[in-house]
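Engineer: For reference, the structure I am asking about is given below.
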Amino acid sequence: MLVAINGFFGQMGQMVYSEVLKSPDFDFAGGVDLVAQNKEQILHKSNFVLNDDKLKIFGDLFMIKKCNGVIDFSNPSALNQVLNFCLDRRVPLILATTGLSESDKRKVEFASKYIPIFMSSNLSVAVQVLCDLVAHATEKLKNYDIEIVETHHNKKKDAPSGTAIMIAKKIVETNKILALTTETKRPPMANKVGVHSLRGGGIVGEHEVFFLGENDSIKITHTAYSREIFARGALDAMRFLKEKQKGLYSMQDLLKER
């Protein structure tokens, strides 16, 4: 399966490329950087060591002649071209870009009527399990304050992280009276889930969910030690989409077939 990687020179793009090279059922169709316009500019941006003779990197997705699917770890500004390319070629899309607006999400939903799209803020199976555990705890611990703390490296652009928002929405869906807030001061048991962001160093990612009662507390934590889990998740998601004709899918759909 020939896969194109958008956001190629980002940390995740490079990790996905590495996993594609190791996977017998995938081949590299090309990498895309929608900012740099030529190979010299593109190579200047990266400290990633590649064989330049075989490097297929472009400033425009439509320069890729043959492709069976796109994996996108970039930023929302690239969304229109990514969707247009996948619709034009009728190929599946793994959309792992975070920070999408409600308008962006409507565009994704519209495109999914014609092509299969797998959209997730986090491609780790363990994070999906964490969401399920959090939903169960939310249902059972009615009178507990709930706080989410997410910690990432100092180059991460969005805050809160897409994963933190995903966890918070899971809590809100489970307990309809809860609301999402970034307030740091509020009354106890205020029926709001707080979300807090820390940025520093090279931390890959950690998400902690605190259930804080009057006399006890529970903390559920997921810690990513390597970006490899997200890259492997992207390839698993692409394998999942291979037999799909159209539709919008998530990690929950993938887990149902395991």
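Engineer: How much accessible area per residue does the chain have, in Å², with a 1.4 Å probe?
Structural biologist: I get 52 Å² per residue for the chain.
Engineer: Please identify which residues in the range 57-85 have an amide N closer than 18 Å to a label point set 7 Å out from the Cα of S103, following the Cα→Cβ vector.
Structural biologist: In the range 57-85, the label zone of S103 (backbone N under 18 Å from the point 7 Å along Cα→Cβ) covers 75-84.
Engineer: Run the quick spin-label model on K219 and E173: label points 7 Å from Cα toward the beta carbon, then report their separation in nm to one decimal.
Structural biologist: Label at K219, label at E173, 2.7 nm between them.
Engineer: Please compute the net charge surrounding F211, taking Lys and Arg as +1 and Asp and Glu as -1 over other residues with Cβ under 13 Å from its Cβ. Could you put the intermediate results ahead of the total?
Structural biologist: On the way: positive: K140, K142, K219; negative: E139, D145, E147, E208, E214, D216.
Result for the neighbourhood of F211: -3.
Engineer: Ranked highest first by average number of other Cβ atoms within 10 Å, how do 67-80, 132-145, 106-119 line up?
Structural biologist: Put in order of decreasing packing, that is 67-80, 106-119, 132-145.
Engineer: How much FRET efficiency would the formula 1/(1 + (r/R0)^6) give for M63 and E139, where r is the Cβ-Cβ distance and R0 is 35 Å, rounded to 0.05?
Structural biologist: Result of the calculation: an efficiency of 0.10.
Engineer: Hey, got the dipole for the chain? About the Cα centre, +1 on K and R Cβ, -1 on D and E Cβ, debye to the nearest 20?
Structural biologist: 500 debye
Engineer: Hey, another quick one. Could you check how many percent of all C-alpha pairs in the chain are farther apart than 33 Å?
Structural biologist: When every Cα pair of the chain is considered, 23 percent fall beyond 33 Å.
Engineer: For every other residue with a beta carbon closer than 12 angstrom to the beta carbon of S226, add +1 if it is Lys or Arg and -1 if Asp or Glu, then tell me the sum.
Structural biologist: Cβ neighbours under 12 Å give a net charge of 0.
Engineer: Next up: Starting from the Cα of K219, draw a straight line to each of the aspartates and glutamates and keep only those under 16 Å, dropping any in the same chain fewer than 8 residues away.
Structural biologist: By straight Cα distance, K219 reaches D132, E139, D145, E147, E150, E206, E208.
Engineer: Determine, from the Cβ-Cβ distance of K157 and V125 and an R0 of 25 Å, the FRET efficiency 1/(1 + (r/R0)^6), rounded to the nearest 0.05.
Structural biologist: 0.50
Engineer: Let me ask something else. For the chain, which whole-number percentage of the solvent-accessible area (1.4 Å probe, protein heavy atoms only) is attributable to carbon and sulfur atoms? Don't jump to the answer; show the numbers that get you there.
Structural biologist: Values: 6780 of 13340 Å².
Taking all protein chains in place, the chain shows 51 percent carbon and sulfur surface.
Engineer: Further, regarding this structure: Could you list which residues have their amide H under 5 Å from that of L2, counting only those 5 or more apart in sequence or on another chain, with H placed in the peptide plane?
Structural biologist: D27, N68
Engineer: Please go through the residue pairs K56/K244; K155/K242; K22/K105; K65/K242; K156/K192 and name each one whose alpha carbons sit more than 30 Å apart in this structure.
Structural biologist: Violating the 30 Å Cα-Cα cut-off are K155/K242; K22/K105.
Engineer: If you take every residue apart from Q252 with its C-beta less than 13 Å away from the C-beta of Q252, what net charge results, scoring Lys and Arg +1 and Asp and Glu -1?
Structural biologist: In short, 0.
Engineer: Have a look at the DSSP beta bridges in the chain and tell me what percent are antiparallel, nearest 5.
Structural biologist: 35 percent
The values are calculated or read from the model by the stated rules, or taken from the named source; none is laboratory data. Just so you know, these numbers come straight off a predicted model, no measurement behind them. Positions of Cβ are generated from backbone atoms using ideal geometry, with glycine treated the same way; all protein chains shown enter the neighbour counts. We work out accessible area using only protein heavy atoms, side chains counted, and drop any ligands, DNA or RNA first. Shrake-Rupley method; radii C 1.70, N 1.55, O 1.52, S 1.80 Å.
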